[in-house]
Amino acid sequence: MRLTVLGSGSRGNALLVESDGEALLVDAGFSVKDLARRADAAGVSLARVRAIALTHEHGDHARGAVRAAQTWGVPLAASAGTLSALQRALPAQVERLPLPASRTVSVGAFRLTAFPTAHDAADPVVLVVEDGGGRRLGVAYDVGSPTAALAHACRDLDALVIEANHDEVLLRSSAYPPSVRARIAGRAGHLSNTQAAALAAQVHHAALGLVVLAHLSDQCNRPDLALAAMERALRPRGFRGRLVVAAQDEPTPALEVGATPDQLALPLGGGR
Ligand SMILES: [Zn+2]
Ligand SMILES: [Zn+2]
């Protein structure tokens, strides 16, 4: 299984998972045109996308989803609450594929499981994508707070894409009004670098070979701070895999999911 983050941040999120000649788009927070431009830049094809799976309905995750599903003739897979939040924008001909909480649904070569999270959207979820070879990727954007349920959702993964939204010090000193700062740091907001790192350390196991730090705030975070927090938490646990920071404007390279640490030529950084 291969993973390419087409872009990640408060201005849009989308990633492409490929396995066995098929692909799945997780979140579509860019226009159809922008998705195509980003896929081109990354050297990946959207022609084999079998479905678009959504973590939640916020614009930075779903902006292009309805149009893309319509244009490509593929189903939208999401929790019941996310689908009903999009209902009004959703033409009848777009197939809905509801993802019931914690139950696995097959889409082409992929198996999808949605786990509810605490973010302030209708029915937000962490998505776990598994391919025919049993490789498991977890996508945890906009998860609110580091709960036991979140750690449960992120267990036994080969790769984890996790939001490392803000650095606590930069958030406190940012120009955001206090109410916005409180929302971001609150239970239904976003994970800080420290929270993301603690969660990754908690779910670390021998097969975890890739961690992608995503959804970094451009005002309240820096890639080096996010990376340093993750390194400090993961390396003492024996993590020998790859750490990548996803950027807003540039896709990551295609990243192998399920590579053993010894197959990784470059253990640190990359994709920044
Ligand atoms: Zn959100
Ligand atoms: Zn978001």
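The values are calculated or read from the model by the stated rules, or taken from the named source; none is laboratory data. Keep in mind that what you see is a predicted model, and the values were worked out from it rather than measured. With ideal geometry, Cβ positions are generated from the backbone for all residues, glycine too; neighbour counts draw on all protein chains shown. Keep in mind that these areas ignore ligands, DNA and RNA; they rest on the heavy atoms of the full protein, side chains included. Shrake-Rupley method; radii C 1.70, N 1.55, O 1.52, S 1.80 Å.
Within the span defined as the range 42-55, one or more residues are of a type in the set (Ser, Thr, Tyr) and within 16 Å of ligand 2 (Cβ to nearest atom).
Restricting attention to the range 65-81 and to residues that are under 19 Å from THR4 (Cβ atoms) and more than 16 Å from the chain's Cα centre (by Cα), the residue that is surrounded by the fewest Cβ atoms within 10 Å (Cβ to Cβ) turns out to be TRP72. Might you check whether a residue that is surrounded by fewer than 21 Cβ atoms within 10 Å (Cβ to Cβ), closer than 13 Å to ALA28 by Cα and hydrophobic (A, V, I, L, M, F, W, C) occurs anywhere in the range 40-60? For the range 40-60, residues surrounded by fewer than 21 Cβ atoms within 10 Å (Cβ to Cβ), closer than 13 Å to ALA28 by Cα and hydrophobic (A, V, I, L, M, F, W, C): present. Taking the range 82-132 as the range and being away from ligand 1 (no atom under 13 Å from the Cβ), more than 16 Å from the chain's Cα centre (by Cα), small (Gly, Ala, Ser) and within 25 Å of PRO146 (Cβ to Cβ) as the test, the residues that pass are ALA101, SER102. Among the residues of the range 184-197, those identified as more than 9 Å from SER145 (Cβ to Cβ), under 17 Å from the mean Cα position of the chain (by Cα) and of a type in the set (A, V, I, L, M, F, W, C) are ALA196, ALA197.
Matching residues to (1) away from ligand 2 (no atom under 16 Å from the Cβ); (2) in contact with an Asp or Glu (Cβ under 6 Å, 6 or more places away or on another chain); (3) within 18 Å of VAL161 (Cβ to Cβ):
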{"position": "HIS61", "(1), (2), (3)": "no, yes, yes"}
{"position": "PRO75", "(1), (2), (3)": "yes, yes, no"}
{"position": "ALA80", "(1), (2), (3)": "yes, no, no"}
{"position": "LEU86", "(1), (2), (3)": "no, yes, no"}
{"position": "VAL94", "(1), (2), (3)": "yes, no, no"}
{"position": "THR117", "(1), (2), (3)": "no, no, yes"}
{"position": "VAL128", "(1), (2), (3)": "yes, no, yes"}
{"position": "TYR141", "(1), (2), (3)": "no, yes, yes"}
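A Cβ distance below 7 Å, combined with a sequence gap of six or more or placement on separate chains, defines the contacts here; from the range 45-61, residues that are within 11 Å of ligand 1 (Cβ to nearest atom) reach residues that are among the basic types (Lys, Arg) in the pairs ASP60/ARG11. Scanning the range 8-28 for residues that are over 15 Å from VAL212 (Cβ atoms) and polar (S, T, N, Q) yields SER10, SER19.
Within the range 229-257, restricting attention to residues that are part of a loop (DSSP other than H, G, I, E, B) and open to solvent by 50 Å² or more (accessible area, probe 1.4 Å), which residue is nearest to ASP60 (Cα to Cα)? Looking at residues that are part of a loop (DSSP other than H, G, I, E, B) and open to solvent by 50 Å² or more (accessible area, probe 1.4 Å), I get ASP249.
The condition of being in contact with a Lys or Arg (Cβ under 6 Å, 6 or more places away or on another chain) and farther than 19 Å from LEU255 by Cβ does not hold for GLY73. A single member of VAL143, VAL139 is of a type in the set (Val, Ile, Thr), touching a residue at least 40 places away in the same chain (Cβ under 8 Å), crowded, with 24+ Cβ neighbours inside 10 Å and not in a loop (DSSP other than H, G, I, E, B), and it is VAL139.
Tell me yes or no: at least one residue of the range 1-10 is part of a helix (DSSP H, G or I) and within 26 Å of LEU157 (Cβ to Cβ).
Within the range 1-10, the subset part of a helix (DSSP H, G or I) is none.
Checked against the condition, which is being part of a helix (DSSP H, G or I) and within 26 Å of LEU157 (Cβ to Cβ), the range 1-10 yields no hits at all.
Please work out if VAL128 is within 15 Å of HIS58 (Cβ to Cβ), part of a strand (DSSP E or B) and either of a type outside the set (Gly, Ala, Ser) or in contact with a helix residue (DSSP H, G or I) (Cβ under 7 Å, 6 or more places away or on another chain) (or both). Spelling it out, it is not the case that VAL128 is within 15 Å of HIS58 (Cβ to Cβ), part of a strand (DSSP E or B) and either of a type outside the set (Gly, Ala, Ser) or in contact with a helix residue (DSSP H, G or I) (Cβ under 7 Å, 6 or more places away or on another chain) (or both). Just to be sure before I move on: is ALA85 over 22 Å from GLY209 (Cβ atoms), in contact (Cβ under 8 Å) with a residue 24 or more places away in the chain, open to solvent by less than 20 Å² (accessible area, probe 1.4 Å) and not polar (S, T, N, Q) in the structure I sent? No: the conditions fail for ALA85.
Among the residues of the range 147-160, how many are crowded, with 18+ Cβ neighbours inside 10 Å and out of contact with any strand residue (DSSP E or B) (no Cβ under 9 Å at 6 or more places or on another chain)? Explain how you work it out, then say what you get.
Restricting attention to the range 147-160, the residues satisfying the condition of being crowded, with 18+ Cβ neighbours inside 10 Å are 150, 153-154, 157-160.
In the following step, the residues that additionally are out of contact with any strand residue (DSSP E or B) (no Cβ under 9 Å at 6 or more places or on another chain) were identified as none.
Of the residues in that region, 0 qualify.
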